[in-house]
Amino acid sequence: MPAFSHQEYRERTRRLRQEMAEHGIDTLLVMNESNMNYLTGYDGYSEYVPQLALVCQEEEDPWLILREIDTLCATPTSYLPESRILSYPEKYIGSSQRTAWEPIGDLIRERTKSSRIGIELTAKVFGVKAHTALANSLDLSKAIDADGMISKLKTVKSPAELAYMEQAGKIADRAMQMGRLEIAAGARECDVAAAVMHALIKGTPEIPGGVCAFPTMPVGSPANAPHIMWSDASYRMGSQTNFEIAGFRHRYACALSRTVFLGEPTARAQHLHQAALDGFLAQFEAIRPGVTCSDVARAFKRAFEPFGVRKESRSGYSIGLAWTDGGGSFQEDDHTVIEPNMTFHVLIGIFEKDDGYIFSETVRVTENGAKSLSRMSRDLLVNY
């Protein structure tokens, strides 16, 4: 069944139509699957094939256009009636002679005569060849780049969205604890990863886990690679693990990162921990309605720079549906104004040649400041 009420989905489409009007768009082709989910509840995990949600300015509800077998995923997960779930034949899948963008173009043309079409141009499924094929069916001469339009709507979360993220936070806390407990001399990295994945999927006794992302967990001395996972190796004393994980509920993510040391950490590692913690806390205190993302980034810089540690990556970003949701980033040139019920992954990642450390929590913006969605200890984490 859909994750939200019909009224919430329709309110999202209503706000989107207002954005479309401001950009001179009559018809919007929504091709990012997380955005299709945001508008309709569709939960098919079929982003590898041509598919989209079609939003028309004068209609209350979107259309879904899917491959034929995926309509069976849309019926139980989307709020839309079957009459608004359209399909193209299976013969267009896996063929070098045919492209599904031709029947998709026909289905769109039957429902709109306007050439003021907005398209999510950076969708995974929509490359150069797809654009060319769709242009054979539709007049795209006046097409408008609609990337980021739905991201703007997703940054401020509804009470129902926040409830899912808070549940995901409880799952993430438990998974982090389970992963940490598995770390010991001789333990296989894959077994530690399996413990994390098991906890993310199982959830808590009260909250089922959702479909989740694999944890990133570089292991080393230092662990300084940002986006690699486990290896075939076993743990040795003196190593560290940089966990970056997220609990999920109905595609809504709550991310959490910690570094765990196996054996006594070096003086440099302890220095990095204090730098990361002080930078995190400075940002946490700076986050409140009315300030900008650049204000938060500068607060981090003031606290972090005295430690003399190099860090070039951003120190946080908007999070929600499907982890990153396209909102603001904590960078000095991002002037996004922070509002109540925005959510951010406050991420202090140090990924340098000789230094590696990670510390993060997901926070919600309240009227009075930031509220963490994690209860994980902020102390230096050491296993012996």
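The values are calculated or read from the model by the stated rules, or taken from the named source; none is laboratory data. As the structure is a prediction and not an experimental result, all values here were calculated from the model. All Cβ positions, even for glycine, are placed from backbone atoms using ideal geometry, and neighbour counts span all protein chains on display. To get the accessible areas, we keep the full protein, side chains included, count just its heavy atoms, and leave off ligands, DNA and RNA. Shrake-Rupley method; radii C 1.70, N 1.55, O 1.52, S 1.80 Å.
One-quarter of the Cα convex hull surface for the stretch 1-67, in nm²? Intermediate values should be presented prior to the final figure.
Working: hull surface 17.7 nm².
Approximately 4.4 nm², given one-decimal rounding.
Quick one: if the Förster radius is 45 Å, what FRET efficiency do D333 and R98 give, using the C-beta to C-beta distance and rounding to 0.05?
After rounding, the FRET efficiency stands at 0.50.
For the stretch 85-98, take each phi angle, set θ = phi - 60°, evaluate the Karplus expression 6.51 cos²θ - 1.76 cosθ + 1.60, and give the result in whole Hz per residue in order, putting x for glycine and proline.
Calculated HN-Hα couplings, in order: 10, 9, 8, 10, x, 5, 5, 7, 8, x, 9, 8, 9, 10 Hz.
In terms of modelled amide H atoms, which long-range or inter-chain residues lie less than 5 Å from the amide H of G327?
Amide H neighbours of G327: S318.
Pop a pseudo-label 7 angstrom from the Cα along the beta-carbon direction at both H198 and A225 and give the gap in nm to one decimal.
The modelled label-to-label distance comes out at 2.5 nm.
Taking amide H positions as placed in the peptide plane 1.01 Å from N, state which residues far from T292 in sequence (5 or more) or on other chains have amide H under 5 Å from it.
Here the answer is I338, since their amide H atoms fall under 5 Å of that of T292.
In the full protein assembly as shown, how much of E352 is accessible to a 1.4 Å probe, in Å² to the nearest 10?
The accessible area comes out at roughly 40 Å².
What does DSSP give for the chain in terms of the percent of beta bridges that are antiparallel, rounded to the nearest 5?
80 percent
If you average 1/r over all unlike Cα pairs in the chain and invert the result, what Kirkwood radius do you get in angstrom? Let's see the in-between values first.
Values: mean 1/r = 0.0449 Å⁻¹.
Taking the inverse mean of 1/r over all distinct Cα pairs, the chain comes out at 22.3 Å.
Amide H of T204: which non-local residues (sequence gap of 5 or more, or other chain) have their own amide H closer than 5 Å, using H built in the peptide plane?
Hits under the 5 Å cutoff: G209.
³J(HN,Hα) across the stretch 307-322 via Karplus (A = 6.51, B = -1.76, C = 1.60, θ = phi - 60°), whole Hz, x for Gly/Pro?
Rounded to whole hertz, the list is 6, x, 9, 7, 8, 9, 6, 5, 10, x, 6, 5, 9, x, 6, 6.
Separation of the stretch 99-135 and the stretch 149-207 by C-alpha centroid, Å?
36 Å
On the protein heavy atoms, probe 1.4 angstrom, tell me the percent of accessible surface of the chain carried by carbon and sulfur.
C and S fraction of accessible area: 50 percent.
When the chain is fully extended, how far beyond the present Cα-Cα distance does H23 get from S158, taking 0.36 nm per residue of separation?
On the way: separation 135, 0.36 × 135 = 48.60 nm, distance 2.44 nm.
Between H23 and S158, full extension yields 46.2 nm more.
Calculate, axis by axis, the spread of Cα positions in the stretch 279-329 along the three principal axes, and write the results as whole Å, longest axis first.
So the extents along the principal axes, rounded to whole Å, are 35, 24, 15.
Taking the Cβ of Y88 as the centre, find all other residues whose Cβ is under 11 Å away and add up their charges (Lys, Arg: +1; Asp, Glu: -1).
Spelling it out: positives minus negatives among the neighbours equals -2.
Could you calculate the contour length gain from N341 to V291, that is, 0.36 nm times the residue separation minus the distance between their Cα atoms, to one decimal place in nm?
16.6 nm
Tell me, what is the FRET efficiency for R378 and E206 to the nearest 0.05, using R0 = 35 angstrom and their Cβ-Cβ distance as r?
0.90
What does the convex hull of the Cα atoms of the stretch 161-232 come to per residue, in Å³, rounded to a whole number?
Spelled out: Cα convex hull of the stretch 161-232, divided by residues, is 99 Å³.
How much length is gained if the chain between K91 and A135 is pulled fully straight, taking 0.36 nm per residue apart and subtracting their Cα-Cα distance, in nm to one decimal?
Gain in length upon complete extension: 13.8 nm.
How high is the relative contact order of the chain, in percent, with contacts defined as C-alpha pairs under 8 Å that are six or more residues apart? It would help to have the intermediate numbers written out before the result.
Numbers: 842 pairs, mean separation 52.5, N = 384.
Reported as a whole number, the value is 14 percent.
For the chain, take the longest principal axis of its alpha carbons; what is the angle in degrees between that and the long axis of helix 267-286, to the nearest 10 within 0 to 90?
Between the helix axis and the principal axis of the chain, the angle is about 50 degrees.
Roughly how many whole Å is it from the C-alpha centroid of the stretch 18-45 to that of the stretch 320-384?
So the two Cα centres are separated by 27 Å.
Distance in nm between label sites at E68 and E312, each 7 Å beyond Cα in the beta-carbon direction?
In this crude label model, E68 to E312 measures out at 5.2 nm.
So what J values fall out for the stretch 371-384 if you push phi through Karplus, 6.51 cos²θ - 1.76 cosθ + 1.60 with θ = phi - 60°, rounded to Hz, Gly and Pro as x?
10, 6, 9, 10, 10, 5, 4, 9, 6, 4, 9, 9, 9, 10
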